1. When you check residue 54 against the structure, is it in a loop (DSSP other than H, G, I, E, B), under 25 Å from residue 136 (Cα atoms) and modelled with pLDDT of 90 or more, yes or no?
2. Looking only at segment 97-135, how many residues end up being more than 22 Å from the chain's Cα centre (by Cα), within 22 Å of residue 52 (Cβ to Cβ) and assigned to a helix (DSSP H, G or I)?
3. Looking at segment 190-203 only, could you name the residues that are in contact (Cβ under 8 Å) with a residue 24 or more places away in the chain and either touching a helix residue (DSSP H, G or I) at 6+ places or on another chain (Cβ under 6 Å) or farther than 13 Å from residue 143 by Cβ (or both)?
4. Read through the list (1) surrounded by fewer than 12 Cβ atoms within 10 Å (Cβ to Cβ); (2) modelled with pLDDT under 90, then give the number of the only condition that residue 73 fails.
5. Provide a single number: the residues in segment 153-185 that are part of a loop (DSSP other than H, G, I, E, B) and either under 15 Å from residue 202 (Cα atoms) or out of contact with any strand residue (DSSP E or B) (no Cβ under 8 Å at 6 or more places or on another chain) (or both).
């Protein structure tokens, strides 16, 4: 209902919506949610995406789907801003998508990330149960690890960084943070065979 209300607001106020469908390819349970732009019959949504997560960051290739009447203006603006993306890479990615290999790649990657997510959740629940409550995630590449109520998530972040483990304190995402302390842990880049050892290191560092 909120999504439809947002479209209604854009229509009634003659404005546009920028939709960044972040990590939408990586949904592990249930049917994928339709993009807001798919519900937009009034052509009020700019759909923005990138291949940095689904492929690799060095590709430096993104895209924007704009209402048909604005496509020429956006193409001209892109030309004025400079041709930062490689035409060769663009063509290669287009071919990769056209012959179905991109969808195959996404299915394989989704399966791998789901396994890594499950291993991380199980290890945190087992080895860090006294001071971390992992929150299951149905999509994306990160998991929330809730800390004890009186913990300092920034201090926990720095302590783990000294042990070679990257995380982000949830409190940095808000100027007026009022949620309980938590760490944002990525799981996509860690092989599932290494995750148990990394979690034991988290336990040794934060469970003192």
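1. Numbers: in a loop (DSSP other than H, G, I, E, B): yes; under 25 Å from residue 136 (Cα atoms): yes; modelled with pLDDT of 90 or more: yes.
Yes; evaluated as a whole, the condition is true for this residue.
2. 1
3. 191, 192, 195, 196, 199, 200, 201, 203
4. (2)
5. Start the filter on segment 153-185 by keeping residues that are part of a loop (DSSP other than H, G, I, E, B), which leaves 163-167, 174-181.
Right, trim to either under 15 Å from residue 202 (Cα atoms) or out of contact with any strand residue (DSSP E or B) (no Cβ under 8 Å at 6 or more places or on another chain) (or both) and you get 163-167, 174-179.
Total satisfying the criteria: 11.
The values are calculated or read from the model by the stated rules, or taken from the named source; none is laboratory data. On a predicted model such as this, the values are computed, not experimentally measured, just so you know. Cβ: placed from backbone, ideal geometry, glycine included. Neighbour counts: every protein chain shown.
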